[in-house]
Amino acid sequence: MDRRPLIRTAAVAALILLPGACATSGGSGPAALPVSGYLDAGALDALSGAFTPSLTTLTWTGDETPGAAPGSDRWWMATAQAELRPPEAAQHFDCALGTRLAGAPRPALTRLMNRLLVDADSLTRRLAAGHARARPIAVDPTLQPCQRVTDTMRDSPSWPANGAVAGAAYGEMFADLAPDRAEAARREGAEIGFSRIVCRMNWPSDVRDGASIGRTLYARAAAAPDFAADLEAARAEVAAARAEGLTNPSCAAERRALRQASS
């Protein structure tokens, strides 16, 4: 059975939810996130001084995304993973946790993810402001992105990859929420970052740097006074979701996409 329609359905849903762009780096952040982050301006400014871009050659060779050409299963998975905003983004971790987080409202989890995404977007904007590295799709206009792209988004800075920052932070968060699935959660967070390369939106070094930044960001956010209470409330919701016994029907398609991309 060809399971690609499952991924395409998720991809279309992501694009319907996201008419213009997702929370990707440099000027294309999420619109009107409803809560503040965990880190204040001083903490974000201090963090922004701790990172500089890795050196890279701004040339797309075609070897960056083996097994993930436009139209492939991994391509459609990357399209779906362009959505970083909860509650939809929580579903990226369904397969890692063996559950279906959209089976019921998870307000505490949504709040936790929203606050982390605010911090990720705020930090990414600070970092990108001083390092105007062009995106792959701007350097090579023949590259096909996996999402609709405005001129503003095309011309926004590529470093650091906000999808990788948020993905790594989410991966650490779900590792804390479900310690028995920590390795799978972190791996899924890394796949969200890799999806930005598949989409031709960021260079591999932007994603590697973004993942490191995201892990550091999460550690700083986790030390905030009100973080622990939010984490505990979300942990209860994730435990309840896992107890429901539901699974996401697209997990077979995700496994196939990852298998093809690694072969």
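Calculate, in nm to one decimal, what V139 and A69 gain on full extension: separation in residues at 0.36 nm each, minus their alpha carbon distance. Provide the component values of the computation, followed by the final result.
Values: separation 70, 0.36 × 70 = 25.20 nm, distance 1.84 nm.
Value of the extension gain: 23.4 nm.
Using a 1.4 Å probe on the protein heavy atoms only, what accessible surface does V165 show? Give it in Å² to the nearest 10.
Around 0 Å² of this residue is reachable by solvent.
Heavy atoms only, probe 1.4 angstrom, no DNA, RNA or ligands counted: give me S36, S72, S212 ranked by accessible area, highest first.
Values: S36 75, S72 25, S212 45 Å².
The ranking, largest first, comes out as S36, S212, S72.
At 7 Å along Cα-to-Cβ for each site, give me the label-to-label distance between A236 and R111 in nm.
Simple spin-label model gives 1.1 nm for this pair.
Applying the Karplus parametrisation 6.51 cos²θ - 1.76 cosθ + 1.60 with θ = phi - 60° to the phi angles of the range 229-243, what ³J(HN,Hα) value in whole Hz is obtained for each residue in order, glycine and proline being reported as x?
With the stated coefficients, the range 229-243 comes to 5, 5, 5, 5, 5, 5, 4, 5, 5, 5, 4, 5, 4, 5, 6 Hz.
Does the range 132-197 come out rounded, prolate or oblate, given a ≥ b ≥ c as the square roots of the eigenvalues of its C-alpha gyration tensor, rounded meaning a/c under 1.5 and, failing that, prolate meaning a/b above b/c? Write out the running numbers ahead of the final one.
Details: a/c = 3.53, a/b = 2.73, b/c = 1.29.
The shape class here is prolate.
Could you tell me whether the range 184-263 comes out rounded, prolate or oblate from its Cα gyration tensor? Rule is a ≥ b ≥ c as square roots of the eigenvalues, rounded for a/c under 1.5, then prolate if a/b exceeds b/c, otherwise oblate.
Working: a/c = 3.52, a/b = 1.16, b/c = 3.03.
Cα axes put the range 184-263 in the oblate bin.
Please give the length that would be gained between A229 and A129 if that part of the chain were fully extended, namely 0.36 nm times their separation in residues minus their C-alpha to C-alpha distance (nm, one decimal). List each step's numbers first, then the result.
Numbers: separation 100, 0.36 × 100 = 36.00 nm, distance 3.29 nm.
Full extension from A229 to A129 adds 32.7 nm.
Taking θ as phi - 60°, what are the ³J(HN,Hα) couplings along the range 122-133 by the Karplus curve (6.51, -1.76, 1.60), each to the nearest whole Hz, with x for Gly and Pro?
5, 5, 4, 4, 4, 5, 5, 4, x, 9, 7, 7
Let me know the shape class of the range 30-150, please: from the alpha-carbon gyration tensor, a ≥ b ≥ c as square roots of the eigenvalues, rounded when a/c is under 1.5, otherwise prolate if a/b is greater than b/c, or oblate. Walk me through the numbers on the way to the answer.
Working: a/c = 2.28, a/b = 1.12, b/c = 2.04.
Oblate is the answer for the range 30-150, as a/c is 1.5 or above yet b/c matches or exceeds a/b.
Tell me the label-point distance for the pair T59, A46, using the 7 Å Cα-to-Cβ offset, in nm and rounded to one decimal.
Each label point lies 7 Å from its Cα, and together they span 4.2 nm.
If DNA, RNA and ligands are ignored and the probe is 1.4 Å, what is the ranking of H131, H92 by accessible area, most exposed first? Kindly include the intermediate steps, with their values, before the conclusion.
Details: H131 60, H92 25 Å².
From most exposed to least exposed: H131, H92.
Taking the alpha-carbon centroid of each part, what is the distance from the range 42-58 to the range 66-117 in angstrom?
First find each Cα centre; the distance between them is then 26 Å.
With every protein chain left in place, what is the accessible area per residue of the range 76-159 in square angstrom, probe 1.4 Å?
Working: 3020 Å² over 84 residues.
Per residue, the range 76-159 has an accessible area of 36 Å².
The values are calculated or read from the model by the stated rules, or taken from the named source; none is laboratory data. Being a predicted model, the structure only gives us computed values, none of them experimental. Cβ coordinates were reconstructed from backbone atoms using ideal geometry, including for glycine residues, and neighbour counts include every protein chain displayed. The accessibility values were calculated without ligands, DNA or RNA, using every heavy atom of the protein model including side chains. Shrake-Rupley method; radii C 1.70, N 1.55, O 1.52, S 1.80 Å.
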